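The values are calculated or read from the model by the stated rules, or taken from the named source; none is laboratory data. Keep in mind the model is a prediction, meaning the values are calculated, not measured. Glycine also receives a Cβ, built like all others from the backbone with ideal geometry; neighbour counts cover every protein chain displayed.
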Amino acid sequence: MSGKTTHTSVKLYATGRRKTSIARVFLTPHGKGLITINERELESYFPQGLWNTVRLPLKVTELLGKCDVCVTAKGGGLTGQAEAIRHGLARVLDKLDKEKYHAVLKSNGLLTRDPRMVQRKHYGLKKARKGPQYSKR
């Protein structure tokens, strides 16, 4: 989908991922600025420290308060979900107008999926890197 979207009732969709969290992000252009996550407001779903993480793509593209965002997030913890939403929101804004927003989102590192995952537990160890307690005698 290239070019500008002119329809007011168009809903754009993208998926964001981080660790084990997956966020499905639906964006409605020309909205009131509502951000809904799992049918709850952003402010009631996340603690205040994560609000800016979620809003960052909208802030960078100067669309904060101009688009409605509806998100379904599952898996992982709150930070992982917040960063998955940020990734999905950046991807959906890139779909909205590639020529206008792609360079800004890319320069802020918002389009790149964070590949870091939890390392698996290894045989003979208690966790991924923690070994059993050593005793000389």
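Answer yes if at least one residue in segment 26-48 is in contact with a helix residue (DSSP H, G or I) (Cβ under 7 Å, 6 or more places away or on another chain), crowded, with 21+ Cβ neighbours inside 10 Å, assigned to a helix (DSSP H, G or I) and not basic (Lys, Arg), and no otherwise.
The answer is no, given that none of the residues of segment 26-48 is in contact with a helix residue (DSSP H, G or I) (Cβ under 7 Å, 6 or more places away or on another chain), crowded, with 21+ Cβ neighbours inside 10 Å, assigned to a helix (DSSP H, G or I) and not basic (Lys, Arg).
Inspect all residues belonging to segment 98-107 and state whether any of them is surrounded by 12 or more Cβ atoms within 10 Å (Cβ to Cβ) and either in a loop (DSSP other than H, G, I, E, B) or polar (S, T, N, Q) (or both).
The answer is no; no qualifying residue exists.
Consider only pairs whose beta carbons are under 6 Å apart and that are at least six residues apart or on different chains; among these, list those whose first residue lies in segment 119-137 and is closer than 25 Å to Thr20 by Cα and whose second residue is hydroxyl-bearing (Ser, Thr, Tyr).
Taking only residues 6 or more apart or on different chains, not a single pair turns up.
Hey, can you tell me all the residues within segment 90-118 that are among the hydrophobic types (A, V, I, L, M, F, W, C) and in contact (Cβ under 8 Å) with a residue 60 or more places away in the chain?
Ala90, Val92, Leu93, Leu96, Met117, Val118
Look through Lys66, Lys121, Lys136 and report the one residue that is more than 16 Å from the chain's Cα centre (by Cα), modelled with pLDDT of 95 or more and surrounded by fewer than 17 Cβ atoms within 10 Å (Cβ to Cβ).
When all the criteria are applied, what remains is Lys121.
Only residues that are in contact with a Pro (Cβ under 9 Å, 6 or more places away or on another chain) and over 23 Å from Leu96 (Cβ atoms): list them for segment 28-80, please.
Leu78
For residues that are hydrophobic (A, V, I, L, M, F, W, C) and under 14 Å from Leu63 (Cα atoms), scanning just segment 81-114, find the one that is modelled with the lowest pLDDT.
Leu96
Filter segment 25-45 down to the residues that are of a type in the set (Gly, Ala, Ser) and either within 8 Å of Asp68 (Cβ to Cβ) or touching a Lys or Arg at 6+ places or on another chain (Cβ under 6 Å) (or both) and list them by number.
Scanning segment 25-45 gives Gly31, Gly33.
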